[in-house]
Amino acid sequence: MPVFARCFSLLLVLILTACVSDDRLTSQDLQSAELDEGLFNVYTLDERVLFEIPDEMLGRDMAVMSRYAKAQEGLAARGGGDRMTANMVVQWERRGDRVYLRTQSYSNTADEGTPLDLAVQNSNFAPVIASFPVEMDRDGSTVVDVSELYLDDHPAFSFPRERRADLGVQAFDGDRSWLEFARAFPENIEIRAVRSYDAENPPSNERGGTVSFEINHSMILLPEEPMMPRLADERVTYITVTQTDYSRDFQGVRPHQYLRRYRMEPKDREAFERGELVEPKEPIVWYIDPATPEKWIPYFKAGIMEWEDAFEKAGFKNAVDVKVAPTEEEDPEFSLLDARYNVIRYVATPVRSANAGGDVVDPRSGEVLRGHMNMYHGLEERLRWWLVSQVATANPRFRTTELSEEDMGEALRYVVSHEMAHAMGLPHNQRANFVYPVDKLRSPDFVEEMGHSASSVGRTRYNYVAQPGDGVPPERRVGLWDKFAIMWGYRPIPEAETAQDEFETLNRWIVERADKPWFRSAHPQFGMDVEWDPYRMTEGISDDPVKAAEYGMRNLRTATEELMDWVLSEGDDYYELETHYLQNLTQWNRYAEHAAAAVGGSWTHHKRFGEEGPVYTPIDADYQRKAMAFIDEHVLQTPEWALDMDMLRRLEHAGAVERIRAYQELAVQRLLNHARLARMIEHEAFLGDETYHPAEMLDDAREMVWREVYENQEIDTWRRNMQRAWLEQAHYLMHQAESEHWQPPASGNLRVSSNDDPPLNADLHISQSDIRPLVREQLQQLGEKIDQTLEVGAADRMTRIHLEDSRRRIDAALR
């Protein structure tokens, strides 16, 4: 090699070495960096974020949570504080001169050190989601540069793939993104960054072609010793985590369900075992967003503290507490997104709702480490709608567009209490809404003592049964089931060393209360195909849902007929009138759903072997007929109370006919629903004449819908629309309904071929069931009656045109 070439090569090596040396982290660099001490030492050096990971933290489980701190308008469905993506569990692992970040799953486990543990590990390899070169070894710790993880476009810490597709995201722009802060605390790390993306369809400010947001990433150390889990039981519904323990004493594979709940341990165990109320080692403390309007803070606090009594039933005093969080000026280190704190976030958004839950949950045990509640500003409007449509008829103070501070505060208190239940692990328990005798809900003394529902988490709203003059208080409170559920889920059982050891005691607590309906629970039913238990429907009350709906309709008629007087003042536009009117129609549909669920339905009472009686009891035939009579009078007949032309022409030039058609079409579809008919066919197969036959129900429905044909009367616009809906649903059942439209209870599988719990039932095969023959008979009978009516002469021209068209539709359906 020529001398010049050798000199050039040597110079190049020296230059490259110098460059590498310049990038290498030194002790002087760390000394000049901004340091935050905590779970890890976190260093901020220019635009770099460095973690100094202690050796004892390698291999420890940590939860990662990512929430929007601030979001561009329209980006996060529920504004700042909304979760960007699902949580995950990770571990840091060092191998040689690199550190790896790996995700962990605890869906499958086995006793440590056993052959089954090895088998589980072989089938559940932990994905490696990031790799970092070791920047520096220090005494008992490793320094790595995690800047790319948090500040570049790493898929686990950036905008989710599905949202990118929705918004047409093209590229991440690092020049418009930056680090806000990196902070360390004893049990968590908090990283906040601003991120910007080029996008074709941004949610707002379209001209800018940009999506930007501020994201807060939390990394939370999970307990070294997991909390002892508590086995779930369908008789006391809880939100759960699922885990398959392959070391379980069971010949097969069956997952465990564990309660999601806070850790609640007695500070003085001896006093607890003597039966004294004791303080917990760690109370559940909530922090209220300082952005919350000051006037609502006392009501938010009351909603949290209402649960104190429930925890006393579990053996604890001072188990919950609530504080107003400091502002950034008062405490720069405090953050509502800090994973150490349970927070009630007040969000300026038009969303008319609220939500809450365990935000960080240990998947090994179900322990809730952090709860998060969102209270959306738009909720106040929805509360006013409910109060007017359900209880203003009996409570004149709600006949307004501006509730008093006390009344709105009380309504918000109920919502906070309801959402608090979700954070503690309780799901919607509709069953506990339908427990008290319907006429008792009109008694002030009874409601004052018992409430109008046994659960504030049951998604019932207000006591629509109470009538004017009853003097029944409308307020909602924590109910008997709520207190029992907290006791059942949170009371320690000191003698138990494993979750299985607790079963005998937990089972006894259930069985000794099984005769009281207010201690029962069941998951809610949503969706026309699966609404078969009136006691599991949303927003209903009393042990007689149909009679309760009758009372509700009395109130609703008045609330609609008087609406203009209640919500309009001189000079108002018609916004309030329109929104309240539409809410009243929604309430009307709720009552229709409650009644329809009884037709072909069953009552649910979850039991275990050894308890007497069935879990599912078919509803008595007479009660089903009572429900049909309600549907006829209040749903299928034209709702004249909702058709005040003076009111409607203030809102629209047209639209009422189509609106009522849509609601009545839903009613017809519920009755001629293939799932309902299949259930009724099965009830008839087992019960014979003791049940409401499907043919009888179809006869009744046909005569209700087509009453004018049987009485040779004029058929008006509203009824013609509904009758065509009947014809279309019949046609659908005859020609279009397929088995994939329903995953029922239906008929038995030939074999078990799934790794999941074996289902009892296969899909409905409608072409082999009695459904189409039954519907064919209905079409034939209706066609014959229409022929007779046309032969003697229809009542008017439009009736004739409609019936001739209907006859053609019947012929098409019968082909």
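The values are calculated or read from the model by the stated rules, or taken from the named source; none is laboratory data. All values derive from a computational prediction rather than experimental measurement. Ideal geometry is used to build each Cβ from the backbone, glycine not excepted, and the neighbour counts take in all protein chains shown.
For every residue, the table says whether it meets (1) free of Cβ contacts under 8 Å to residues at least 40 places away in the same chain; (2) among the small types (Gly, Ala, Ser).
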site: 299; (1), (2): no, no
site: 304; (1), (2): no, no
site: 308; (1), (2): yes, no
site: 315; (1), (2): no, yes
site: 331; (1), (2): yes, no
site: 344; (1), (2): no, no
site: 352; (1), (2): yes, no
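In the set 186, 202, which member is in a loop (DSSP other than H, G, I, E, B), assigned by TED's automatic domain parsing to the domain that holds residue 60 and either of a type in the set (A, V, I, L, M) or more than 28 Å from the chain's Cα centre (by Cα) (or both)?
186
Can you tell me how many residues within region 245-279 are of a type in the set (A, V, I, L, M, F, W, C), free of Cβ contacts under 8 Å to residues at least 24 places away in the same chain and either touching a strand residue (DSSP E or B) at 6+ places or on another chain (Cβ under 9 Å) or surrounded by 15 or more Cβ atoms within 10 Å (Cβ to Cβ) (or both)?
1
Residues to consider are 159, 132; find the one that is aromatic (Phe, Trp, Tyr) and either closer than 23 Å to residue 336 by Cα or at pLDDT below 95 (or both).
Result: 159 is the single residue among 159, 132 that is aromatic (Phe, Trp, Tyr) and either closer than 23 Å to residue 336 by Cα or at pLDDT below 95 (or both).
Taking the residues in region 124-170 that are under 27 Å from the mean Cα position of the chain (by Cα) and among the aromatic types (Phe, Trp, Tyr) as candidates, determine which candidate is farthest from residue 28 (Cα to Cα).
159
Restricting to region 249-285, name every residue that is over 24 Å from residue 236 (Cβ atoms) and modelled with pLDDT of 95 or more.
267, 268, 269, 270, 271, 274, 276, 279, 281, 285
When you scan region 461-506, how many residues do you find that are basic (Lys, Arg) and under 26 Å from residue 225 (Cα atoms)?
Looking only at that region, the number is 1.
It is to be established whether one or more residues within region 419-431 are among the polar types (S, T, N, Q) and either surrounded by fewer than 23 Cβ atoms within 10 Å (Cβ to Cβ) or more than 29 Å from residue 509 (Cβ to Cβ) (or both).
Among the residues of region 419-431, not one is among the polar types (S, T, N, Q) and either surrounded by fewer than 23 Cβ atoms within 10 Å (Cβ to Cβ) or more than 29 Å from residue 509 (Cβ to Cβ) (or both), which makes the answer no.
Determine which member of the set 117, 166, 153 is acidic (Asp, Glu), in a helix (DSSP H, G or I), assigned by TED's automatic domain parsing to the domain that holds residue 46 and farther than 24 Å from residue 56 by Cβ.
After applying the criteria, what remains is 166.
Is it true that some residue in region 521-540 is touching a residue at least 40 places away in the same chain (Cβ under 8 Å), among the hydrophobic types (A, V, I, L, M, F, W, C) and under 19 Å from residue 426 (Cα atoms)?
Checked against the condition, which is being touching a residue at least 40 places away in the same chain (Cβ under 8 Å), among the hydrophobic types (A, V, I, L, M, F, W, C) and under 19 Å from residue 426 (Cα atoms), region 521-540 yields at least one hit.
Please work out which one of (1) in contact (Cβ under 8 Å) with a residue 12 or more places away in the chain; (2) surrounded by fewer than 20 Cβ atoms within 10 Å (Cβ to Cβ); (3) more than 17 Å from residue 335 (Cβ to Cβ) is the condition residue 31 fails and give its number.
Residue 31 satisfies every listed condition except (1).
Find the residue count for region 37-49, including only residues that are in contact with a Ser or Thr (Cβ under 8 Å, 6 or more places away or on another chain), touching a residue at least 60 places away in the same chain (Cβ under 8 Å) and part of a strand (DSSP E or B).
The qualifying residues number 3.
Check off (1) among the aliphatic types (A, V, I, L, M); (2) closer than 25 Å to residue 303 by Cα; (3) touching a Phe, Trp or Tyr at 6+ places or on another chain (Cβ under 7 Å) for residue 447 and give me the number that stays unchecked.
With respect to (1) among the aliphatic types (A, V, I, L, M); (2) closer than 25 Å to residue 303 by Cα; (3) touching a Phe, Trp or Tyr at 6+ places or on another chain (Cβ under 7 Å), residue 447 is out only on (3).
Among the residues in region 564-575, are any surrounded by 20 or more Cβ atoms within 10 Å (Cβ to Cβ), aliphatic (A, V, I, L, M) and at pLDDT 95 or above?
Within region 564-575 (the criterion being surrounded by 20 or more Cβ atoms within 10 Å (Cβ to Cβ), aliphatic (A, V, I, L, M) and at pLDDT 95 or above), the answer is yes, since at least one residue qualifies.
Could you tell me how many of the residues in region 121-146 are outside any loop (DSSP other than H, G, I, E, B) and either among the acidic types (Asp, Glu) or in contact with a Pro (Cβ under 6 Å, 6 or more places away or on another chain) (or both)?
Qualifying residue count for the region: 4.
Of all residues in region 500-539, how many are of a type in the set (Asp, Glu), exposed (fewer than 15 other Cβ atoms within 10 Å of the Cβ) and part of a helix (DSSP H, G or I)?
Summing the residues that are of a type in the set (Asp, Glu), exposed (fewer than 15 other Cβ atoms within 10 Å of the Cβ) and part of a helix (DSSP H, G or I) in region 500-539 gives 2.
Any chance region 717-724 includes a residue that's buried (at least 19 other Cβ atoms within 10 Å of the Cβ), in contact (Cβ under 8 Å) with a residue 12 or more places away in the chain and of a type in the set (Val, Ile, Thr)?
Checked against the condition, which is being buried (at least 19 other Cβ atoms within 10 Å of the Cβ), in contact (Cβ under 8 Å) with a residue 12 or more places away in the chain and of a type in the set (Val, Ile, Thr), region 717-724 yields no hits at all.
For region 336-346, which positions are assigned to a loop (DSSP other than H, G, I, E, B) and under 24 Å from residue 412 (Cβ atoms)?
336, 337, 341, listed by residue number.
Restricting to region 127-148, and then to whatever is free of Cβ contacts under 8 Å to residues at least 60 places away in the same chain and under 24 Å from residue 47 (Cα atoms), can you tell me which residue is surrounded by the most Cβ atoms within 10 Å (Cβ to Cβ)?
132
Would you check if residue 266 is closer than 18 Å to residue 495 by Cα and touching a Phe, Trp or Tyr at 6+ places or on another chain (Cβ under 9 Å)?
Yes, satisfied.
Please determine whether any residue of region 603-621 is over 33 Å from the mean Cα position of the chain (by Cα) and in a helix (DSSP H, G or I).
Within region 603-621 (the criterion being over 33 Å from the mean Cα position of the chain (by Cα) and in a helix (DSSP H, G or I)), the answer is yes, since at least one residue qualifies.
Could you say which residue among 349, 393, 400 is in contact with a Ser or Thr (Cβ under 8 Å, 6 or more places away or on another chain), assigned to a loop (DSSP other than H, G, I, E, B) and farther than 30 Å from residue 274 by Cβ?
The unique qualifying residue is 393.
In region 182-215, which residue that is surrounded by 14 or more Cβ atoms within 10 Å (Cβ to Cβ) and without any contact (Cβ under 8 Å) to a residue 24 or more places away in the chain is nearest to residue 146 (Cα to Cα)?
Here the answer is 194.
Answer with yes or no whether residue 320 is touching a residue at least 40 places away in the same chain (Cβ under 8 Å) and either farther than 27 Å from residue 104 by Cα or buried (at least 18 other Cβ atoms within 10 Å of the Cβ) (or both).
no
Identify the residue in region 343-383 that is farther than 30 Å from residue 500 by Cα and polar (S, T, N, Q) and, among all such residues, is nearest to the chain's Cα centre (by Cα).
Selected residue: 355.
Consider residue 124 carefully, then state whether it is touching a residue at least 60 places away in the same chain (Cβ under 8 Å) and either among the hydroxyl-bearing types (Ser, Thr, Tyr) or surrounded by 13 or more Cβ atoms within 10 Å (Cβ to Cβ) (or both).
no
Among what's in region 664-712 and is part of a helix (DSSP H, G or I) and among the β-branched types (Val, Ile, Thr), pick the residue that is surrounded by the fewest Cβ atoms within 10 Å (Cβ to Cβ).
681
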